[in-house]
Amino acid sequence: MAGSPPSYSSAASHLRWLAACGPGLLVMLADCDAGNVVTAAQSGVQWGYRLLPMLLALIPLLYMVQELTVRLGIFTGCGHGELVRAKLGPGWAWISAFGLSIAVLGSLVTEFTGIAGVGEMIGVSRSVSLPLALAVLVGVVFTGSHRRIDRIAMVIGAFELTFFVVAWRAHPELAQLSRAVADQPFHDPGFAYLIAALIGATFNPWMIFYQQAAVVDRRLGPHDYTAARVETAAGAVLTQLLTAAVLVAAAATLSSSGARHALESVGEISAALSAVLGPRVGRVLFGVGVLGASMVAAIVCSMSLAWGLGEVAGYQRSLDTDTRRAPWFYAVYVVTVAFSAALVWLTPNLVSLNVAAQVVNALMLPLALGTLIALGATTLPRERRPRGVYLWVLVAMGTAVSLAAVAGAVFYFVA
């Protein structure tokens, strides 16, 4: 009997950890979206393994950014847009909302491009695949339960793990990888442009809005903080490794053969991998991975827009509130995904569109990151604010990555 209290305490602790899980992993799985996948594939095709070190070096900053988002959600009880409006004023809040809208629409276009590309790869017209995807996305969100949506999205996102199989079956050469690390052609505008694109693919502004809103919507408290941090760290590592797997697979299959042309469709990426993996295995593994990535990202980024606009405008916003009590929340979600699907239905499926969307994200990084750090340094309880060496490292890394992203984009268009 003396052991009963510790057992009860241990069980309660495990339940708290399970309750805190969801937003961190989900937002990271969404980060490895269709735009991320095609940008990584383009990088591998054109530059082999050269961009792999930079991709992995972004893991610490990715964790620090999203961990600060978690911290703000837990210790202020406010979503990102709500906090910006309260502390920095409505003008700055609407500027942030405008940037969020651009990022979300750009990302949704890439997600539906990925869905259409996978459909066309297996002979399904986009007139069928896009309405079907739209129906699934709307149906998932209208379940009216945050935890149920998290579970469904996590199951869909798990298909992204096939990228690890794709990379392993491509048999990358370690000798080539080590040589590529030492060869970094920063003077080449095309290389600089893909640096900017990969940075933009890693740091999507909607990730900040989504994770902070999800933490608040799930009512996570200080006792959930450790679990949320661990989950966010695991997610940061996982998303970058998934992206790295795509880059490695593309480098091993196309770059090593001397091909450095620009890819033009998801089907072309799949065809390149099929040459090594076999027509059936390559098509199925890559197609399932892209489809999972696209669907999860479409759910997360469109919800982040509905949450973000609701926080700035002040209307009811919660997945645990039915449509009659939060009509604007659900209306924004449905209109956003429907508009993006229609746009892709009318537009050719170009990889260049995906890469360009990531560069736009990169150009908005200074705004998103600067706002986040300012909120963390001024609105959190004093004992929870980033300070000292940690704050300086966060600022220094954020500044360096932002400058690299902007410089890469400018260099490409000026050269």
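Before moving on, here are some points about what is shown:
- Per residue Cα convex hull volume in Å³ - calculated over the range 161-217: 135
- Inter-part distance, the range 156-194 to the range 365-415, computed on C-alpha centroids, equals 26 Å.
- Once backbone amide H atoms are built at 1.01 Å from N, Arg387 has no partners under 5 Å, excluding neighbours fewer than 5 places away on the same chain.
- Whole-angstrom gap from the range 196-228 to the range 41-60, using each part's C-alpha centre: 24
Read-outs: derived from the displayed coordinates by stated rules, not from any lab. Small disclaimer: the values here were computed from a predicted structure and weren't measured.
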